[in-house]
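Novice: Structure provided below as structure tokens; questions to follow.
The values are calculated or read from the model by the stated rules, or taken from the named source; none is laboratory data. For clarity, every value in this text was computed on a predicted model and none was experimentally measured. Here the Cβ is made from the backbone with ideal geometry for all residues, glycine too, and neighbour counts use every protein chain on show. Side chains are part of the model used for accessible areas, which takes the heavy atoms of the whole protein and leaves out ligands, DNA and RNA. Shrake-Rupley method; radii C 1.70, N 1.55, O 1.52, S 1.80 Å.
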Amino acid sequence: MQTEQTLSGKAVATQDVSVSSISLFFFRLKLWMKSPTPYLTLLGLSLFILTWWLTTEVWQLPRFEKLPGPVSVVKEWVSEDPAYGISIYTPEYYEHIWKSILRVLQAFGLATILGVPLGLFMGWKKTFKDYTFPVMEILRPIPMLAWVPLAILMFPEREMAIIYLTFLGSFFATTLNTLLGVESIDEAYFRAARCLGAKSRHIFFKVVVPGALPFIFTGLQISMGFSWFSLVAGEMLAGEFGLGYLIWNSFILVQYPVIVIAMVTLGVIGWSSSALIRFVGTLLMKWQSRGSSL
Amino acid sequence: MTTSTSTICPTGTSEMHLSPQPVGKLSIRNATKIYDPDGVNVLALDNCSMEVEAGEFCVIVGPSGCGKTTLLNAIAGFHDITSGDIFLDDELLCSGTKQAEPGADRIVVFQHGALFPWYTVLENVTFGPLVQGKMSASAAKKEAEEILAQMGLKGISHSYPSEISSGMRRRVEIARAMMNNPKVLLMDEPYRAMDALTKTIMHKNLLDVYDQSRKTIFFITHDLEEAIFLGTRVYVMTTRPGTIKKVIDVDLPRPRDYKILSSDRYLELKQEVIESVHEEAKKAFEAGEREMA
Amino acid sequence: MSAHEHISGNGGPLQGGEMQITAVSKSFGIGPLRQQVIENCSFTLERGKLTVLIGPSGCGKTTLINLLAGYEAPDSGTITVDGAPIKGPGKDRLVVFQETALFPWMTTLENVTYGPIVRGEKSKKEVEEEAMHLLRKVGLEDFRDKFPIQLSGGMQRRCELVRALINRPKIMMMDEPFRGLDAMTRELMQEYYVRLFEENHLTNLFITSELEEAIFLADRLVILTNRPASARTVIEIELPRPREFKLLATREYLHYKQQALEILHEEALKAFSSGCGATVADFLEAYSEVESK
Amino acid sequence: MTQKKPVYFMGINLRKLRKSIFSKTTYRGIVAVIATVILWELCARFEVPIIGMIPAPSSVFSSLVEQLQDPAYWECWVVSYDRVLSGFIIAQIIGIPLGLIMGLSRHLRDLSFPTLEILRPIPPLAWVPTAVIFWPTPEMSMIFVTFLGAFFTMVLNILGGVKNIDVRYIRSAQSLGSSGFDIFRRIVLPATLPSLFTGMTVGMGITWAVVVAAEMIASRSGLGFLTWKSYVAGDYPVIVIGMISIGIAGYLSSAVIRLLGDRLTPWRKII
């Protein structure tokens, strides 16, 4: 199978040289524009927004009438003088965003710094795994959000409690995926390294770490999702500032369009953070991407 | 490609008798291995004995699951044997009480290849000397480039393994092994799953390396044609529990090329091997089905 | 493995068909991405003969079989079975795929009876009886209620053969069916398959990239050119039937092998001059040196 | 050289079982868990900062005895399970057909996938206020949020499962004379089952997390509320009991799904 793939791959590669890569990109773009995909995508999105608009603002169906409609949301969002105090022109909006990002960064960073080495070590030394893994397995089924009251109790400050919650969410995902990554490394690589005279520390840094990288990054992506998930809950229950708090506060103060603004903002930031991790992953794992792109 | 230089065979020259002392003599005496998976004993090797001369190209053939790889792993030091002794150059390598330590004097070329995918070709080839601290980075790089060039692999040293063809990958793996000047090269069905054309190239390349270095090569395969074409001696193993059933001296002259494939002697040898292996293969096949039922 | 009995089951003898491929072309993509995979390819699958297609890896063999099976339509040219042009996939032409395409969620028996049952030609009981009859012949009767994952590689291939045969196809198409099996099992499967063929004399098309396998099996050997693929040469293999493995050590076999290798080499040369493929370059390098010696 | 033969009892390889029970791994695991509990007790006794705030295992145990006899505690289990199951089942009813249709029809996929992609990164809990505004009863809004948690995972897993079906299976079936609905029923459906169950397992995990949080935020019943109430009331050991109960409840639900998955996809088990 391998040679066949390489062979056909090379055949494509030689063609790419004869046509320049820019013109090829435009050709692909043109092909894509000719296919129904972009139009259906647009249609789907407009249908969604149209339904939202019609049900809430035009027909004002029962139950829907209370929901904020797209027009009121967008108006509020881009207004220089927003009725409820949150728009792209108000510093408060950015303060909420920044606070949430900061919390996720701290928690996620801590989870990565602790989780990755722990996972690597668990995968590398079986004895260590024997002792630590059962404890983790017992803690794992407890949803991270069930920790909320205990977290508030444990930490003197609310801020620390929220960060702790967010940290818990990502810590398990990171550790377990790293462990899985080490265990997925083909035994032949360990054997080859030992054959070539590698000592323990060489094996750790030159086989275990790079070999587990793909799984580590999958883990980081999942853990980033979890961070946002638990952050919102933490902020809703115990926050001052932050997007989760903004959602809950706007609900209590009956400032409904702000809820939607905060939700969409959360979605965009959450999506961008996973995209960023994917990007860093591709950069670090050139040996994977270069091979497959060929 | 055929010019012999000092880099690819640092200890010897193309003529064997000139080298001061050929190394890499393997003596396997009464090796027995019992596995214990799931609390069930499986006899993988049963009193297996063989003497591999220094500088011999020794080929082991036998049906799948007959214990060929078990033997290779014991020599490489990946696991122990239950009883018996294995000597390398008259020094005890492993026995029933002692597991061999994996080391750069016995390098394995693996069945599915084990180039580190996360390192470039050059980083792979220089891995051995660098982790052993035997060479400086620049010296290792220079020597690696030379070896790669001799094996016809110029210009790929900064590619990743996933970017080159499977045939090239195998050659890089041999280059990585030769970089350490091992006493024995252990090859575990390295050309399995390659198509006929690629195999042709691989054989020629391996014969070149062998003719220049005269390393002891311990080669495991399923492919009988390959066995006779490459080997100095072919050892036929029985189906599990594995022991040596027959030793066939391949008295074809070296250096070998494809003309040998049409010689009468080659056909005779092939006949002989087909007969003894086919019988074992059928036994193994039927035993496998009985086991599954 | 009692393959020497007649395998047609209890539904009368099987009747092979004749397939005519005339000036077939196929390309993928458009504009600068267009790749001509098959160009002006013509050959005939003669009634009751075993035709083997061989060509370099990635030359478009699998695309060709997709066209013949009717999964894809050719850009131009015609494909007829017994004079009638084909329309889409049909049970008169059955494909046995690379690796295995047994449905993993069905047991051996369910897999085999799938075809007749969905077509509803016979009662379930009749179909199952016939399936059991066939399974018994290939030694799989004890495995009727096992899932494919519980069968060994060789058993899976035999189950696939039965799944195809029970539909009484006019033409059997085998797309590198033994790829991925180890060499020993592969040889046994080849022997087994050739017995089946010699019993039935269905029209068979067998695609492979292994030359040895090709010559051992074939009545007619069609050598394909490199991309874009077309039939380059047809060699009639007049080795005696029934075929035995000893054949591989005879002069006649060797003669065919060298004849075919020469043509494959020429094809590799052409492919190289059109700038295609590292494997081909490797091959050329090795092979040219052999010739110049 | 005598060979030991496997000993079977009710289809279980006894030697293998004995080997795995009396292994170092089991022994080390038990030691580790016991050590953790002792450490936890000590931390609480000596009032170590942060960790010491967690109620000690001894006090948790004594209040557990009380709770187990209290019908209100069991009421919480019923209520939470009720919510999880309603949300989860609705997610299956809507998610499975949607995922299948999106996998089979390219046009429908193009049409609906972007909308899903936009809604998916919004954490489910961010929907709580909107749900409370929209649905007439708090119960319904909670089930809606629960539903959301499982829904996206289901759709994406099934979509992936359908798209990854090996084309050779479809082609074989076509050759063998099968077509239309029969291919759907006998090929597409079973081929998607493994990824469907993966989606269900992941979805069940998310569902519990969502229910617990939603109960804390916007409800007056259920296991999540039990934990929150205990915190507010200062009955700290019950917080730990609530957490453990939630852990057990979540684990049981996943175990049932795994069991169901193994039953319905027997071909994945090896031997």
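Novice: With angles folded into 0 to 90 degrees, how steeply does helix A:21-34 sit against the dominant principal axis of chain A? Use alpha carbons for both and round to 10.
Specialist: Relative to chain A, helix A:21-34 is tipped by roughly 50 degrees.
Novice: Only four residue types carry charge here, +1 at the Cβ of Lys and Arg and -1 at the Cβ of Asp and Glu. Report the dipole size of the range D:7-54 about the Cα centre in Debye, rounded to the nearest 20. Intermediate values should be presented prior to the final figure.
Specialist: Working: 7 positive and 2 negative charges, 115 e Å.
I would put it at about 540 debye.
Novice: Given the C-alpha atoms of the range D:232-271, compute the convex hull and give its volume per residue in Å³. Please report the intermediate quantities before stating the final value.
Specialist: Numbers: hull volume 2.5 nm³, N = 40.
Measuring per residue, one finds 63 Å³ for the Cα hull of the range D:232-271.
Novice: Summing both sides, how much accessible area is buried between C and D? Use a 1.4 Å probe and give Å² to the nearest 100. Spell out each step's value before the answer.
Specialist: Values: alone 14000 and 17470 Å², together 29310 Å².
Answer for the C-D pair: about 2200 Å² buried.
Novice: Hey, can you grab everything whose amide H is under 5 Å from the amide H of B:ILE217? Only 5+ residues off in sequence or another chain; H modelled, so Pro and N-termini drop out.
Specialist: The answer is B:GLU56, B:PHE57, B:CYS58, B:LEU185.
Novice: Okay, moving on. Any number yet on Rg/Rh for the protein assembly as shown, C-alpha, Kirkwood?
Specialist: Working: Rg = 33.7 Å, Rh = 33.9 Å.
Result: Rg/Rh = 0.99.
Novice: For the range D:163-271, max minus min Cα coordinate along each principal axis, in Å, sorted largest first?
Specialist: 70, 33, 17
Novice: Hey, how much of the P(r) for chain A falls beyond 27 Å, as a percent of Cα pairs? Working shown, then result.
Specialist: Working: 25854 of 43071 pairs.
Percentage above 27 Å: 60.
Novice: Go through A:LYS30/C:LYS61; C:LYS87/C:LYS170; B:LYS25/B:LYS270; A:LYS30/C:LYS87; C:LYS124/C:LYS146 and tell me which ones have a Cα-Cα distance over 22 Å in this structure.
Specialist: Working: A:LYS30/C:LYS61 31 Å; C:LYS87/C:LYS170 15 Å; B:LYS25/B:LYS270 27 Å; A:LYS30/C:LYS87 33 Å; C:LYS124/C:LYS146 19 Å.
Where the Cα-Cα span goes over 22 Å, the pairs concerned are A:LYS30/C:LYS61; B:LYS25/B:LYS270; A:LYS30/C:LYS87.
Novice: Placing one identical point scatterer on every Cα of the range D:1-138 and ignoring solvent, what is log10 I(q)/I(0) from the Debye formula at q = 0.10, 0.13, 0.18 Å⁻¹?
Specialist: Log-scaled intensity ratios, in q order: -0.88, -1.02, -1.08.
Novice: Provide the FRET efficiency to the nearest 0.05 for the D:HIS107-D:LEU14 pair, computing r from the beta carbons and using R0 = 45 Å. Could the numbers behind the result be given before it?
Specialist: Working: r = 56 Å, r/R0 = 1.25.
E(calc), rounded to 0.05, equals 0.20.
Novice: Helix-only mean residue ellipticity at 222 nm, the protein assembly as shown, DSSP H runs n ≥ 4 weighted -39,500 (n - 2.57), per residue, nearest 500. What is it? Could you put the intermediate results ahead of the total?
Specialist: Working: 41 runs with 642 residues, N = 1151.
Calculated at 222 nm, the ellipticity per residue is -18500 deg cm²/dmol.
Novice: Go through the range D:193-210 residue by residue and turn each phi into a ³J(HN,Hα) via Karplus (6.51, -1.76, 1.60, θ = phi - 60°); whole Hz please, and just put x for glycine and proline.
Specialist: After applying 6.51 cos²θ - 1.76 cosθ + 1.60, I find 3, x, 6, 4, 6, 4, x, 5, 5, 5, x, 5, x, 5, 3, 4, 4, 5 Hz.
Novice: Can you bin the range C:9-292 into rounded, prolate or oblate? Criterion: square roots of the alpha carbon gyration tensor eigenvalues sorted a ≥ b ≥ c, rounded for a/c under 1.5, prolate for a/b above b/c, oblate for the rest.
Specialist: Details: a/c = 1.84, a/b = 1.44, b/c = 1.28.
Taking the square roots of the gyration eigenvalues as a ≥ b ≥ c, the range C:9-292 is prolate.
Novice: Carbon-plus-sulfur fraction of the accessible area of the protein assembly as shown, 1.4 Å probe, in percent?
Specialist: Working: 29780 of 48560 Å².
Carbon and sulfur: 61 percent of the exposed surface of the protein assembly as shown.
Novice: Compute the distance in nm between two label points, each set 7 Å from the Cα along the Cα-to-Cβ direction, one at D:ILE248 and one at A:LEU43.
Specialist: 5.4
Novice: Return the sequence-ordered ³J(HN,Hα) values of the range B:98-111 in whole Hz as given by the Karplus equation 6.51 cos²θ - 1.76 cosθ + 1.60 applied to θ = phi - 60°, using x for Gly and Pro.
Specialist: 9, 8, 5, 8, x, x, 6, 7, 10, 9, 9, 9, 7, 4
Novice: Compute for chains C and A the buried accessible surface, both sides summed, probe 1.4 Å, and express it in Å² to the nearest 100. Intermediate results must be reported in sequence, preceding the final value.
Specialist: On the way: alone 14000 and 18570 Å², together 31140 Å².
Chains C and A together bury roughly 1400 Å² of accessible area.
Novice: In whole Å and largest first, what semi-axes does the C-alpha gyration tensor of chain B yield when each eigenvalue is scaled by 5 and square-rooted?
Specialist: Numbers: eigenvalues 184, 104, 76 Å².
Largest first, chain B gives 30, 23, 20 Å.
Novice: Given bins 10 angstrom wide, list per bin the percent of all Cα-Cα distances in the range B:113-181, short to long.
Specialist: Answer for the range B:113-181: a P(r) of 24, 61, 16, 0 percent.
Novice: Using 15 Å as the cut-off for backbone N distance, which residues of the range C:151-166 belong to the label zone defined by a point 7 Å from the Cα of B:VAL42 along Cα→Cβ?
Specialist: The answer is C:152-153, whose backbone nitrogens lie closer than 15 Å to the label point.
Novice: So, one more: Tell me which residues come under 5 Å, amide H to amide H, from C:VAL37 once H is placed; ignore anything under 5 positions away on its chain.
Specialist: Under 5 Å from the amide H of C:VAL37 lie the amide H atoms of C:LYS26, C:SER27, C:PHE28, each far enough along the sequence or on another chain.
Novice: Right, something else. Could you give me the ³J(HN,Hα) list for the range D:228-240, computed from phi with Karplus coefficients 6.51, -1.76, 1.60 and θ = phi - 60°, whole Hz, x at Gly and Pro?
Specialist: Ordered by residue, 3J(HN,Hα) equals 5, 4, 5, 5, 4, 7, x, 8, 4, x, 5, 4, 5 Hz.
Novice: Given just the C-alpha atoms of the range D:7-54, how large is their convex hull per residue in cubic angstrom? Let's see the in-between values first.
Specialist: Values: hull volume 4.2 nm³, N = 48.
Cα convex hull per residue, to the nearest whole number: 88 Å³.
Novice: Quick check: pseudo-label points 7 Å beyond the Cα along Cα→Cβ at B:ASP90 and B:SER49, how many nm apart are they?
Specialist: Result for the modelled spin labels: 1.9 nm.
Novice: Can you give me the P(r) profile for the range D:60-268? Cα pairs, bins 10 angstrom wide beginning at 0, each as a whole percent.
Specialist: So the P(r) values, bin by bin, are 8, 29, 29, 19, 10, 4, 1.
Novice: Placing unit charges on C-beta atoms (Lys and Arg positive, Asp and Glu negative, everything else neutral), compute the dipole magnitude of the range A:105-289 about its Cα centre in debye, rounded to 20. Let's see the in-between values first.
Specialist: Values: 12 positive and 9 negative charges, 179 e Å.
Using only the charged Cβ atoms, the result is roughly 860 debye.
Novice: Here is a follow-up. So who's got an amide H within less than 5 Å of the one on B:VAL109, skipping anything under 5 residues away but keeping other chains? H placed 1.01 Å off N, in plane.
Specialist: Here B:LEU186, B:MET187, B:ASP188 satisfy the definition.
Novice: What does the accessible area per residue of chain B come to in Å², with a 1.4 Å probe and no ligands, DNA or RNA counted? Provide the component values of the computation, followed by the final result.
Specialist: Numbers: 10470 Å² over 293 residues.
So chain B comes to 36 Å² accessible per residue, rounded to a whole number.
Novice: Counting only the heavy atoms of the protein chains, how much of C:HIS133 is accessible to a 1.4 Å probe, in Å² to the nearest 10?
Specialist: Rounded to the nearest 10, the figure is 60 Å².
Novice: Also, I was wondering about something else. What FRET efficiency would be calculated for the residue pair A:LYS286, A:SER21, taking the C-beta separation as r and a Förster radius of 22 Å, to the nearest 0.05?
Specialist: On the way: r = 18 Å, r/R0 = 0.84.
Result of the calculation: an efficiency of 0.75.
Novice: Tell me the angle of helix B:196-213 to the major Cα principal axis of chain B, expressed in degrees between 0 and 90 and rounded to the nearest ten.
Specialist: Compared with the principal axis, the helix lies near 70 degrees.
Novice: Can you tell me the FRET efficiency between D:GLN69 and D:ILE89 if r is taken as the Cβ-Cβ distance and R0 is 41 Å, rounded to the nearest 0.05?
Specialist: Working: r = 32 Å, r/R0 = 0.77.
It comes to 0.85.
Novice: Taking just the C-alpha trace of the range B:77-141, give me its Rg and Dmax in Å.
Specialist: 15.4, 45
Novice: Same structure, new question: When Rg is the radius of gyration of the Cα atoms in the range A:88-140 and Rh is its Kirkwood radius, what does Rg/Rh come to? Display every interim value, and only then the final one.
Specialist: Numbers: Rg = 17.9 Å, Rh = 13.6 Å.
Ratio value, two decimals: 1.31.
Novice: Give me the count of lysine pairs in chain D whose alpha carbons sit under 30 angstrom apart, restricted to pairs 8 or more positions apart or on different chains.
Specialist: 13
Novice: With a 1.4 Å probe on protein heavy atoms only, work out how much accessible surface B and D bury together, total over both chains, in Å² to the nearest 100.
Specialist: Working: alone 13960 and 17470 Å², together 30580 Å².
About 900 Å² of accessible surface is lost on pairing.
Novice: Can you pull the percent of Cα pairs in the range C:104-220 with separation above 23 Å?
Specialist: Tail of the P(r) past 23 Å holds 31 percent of the pairs.
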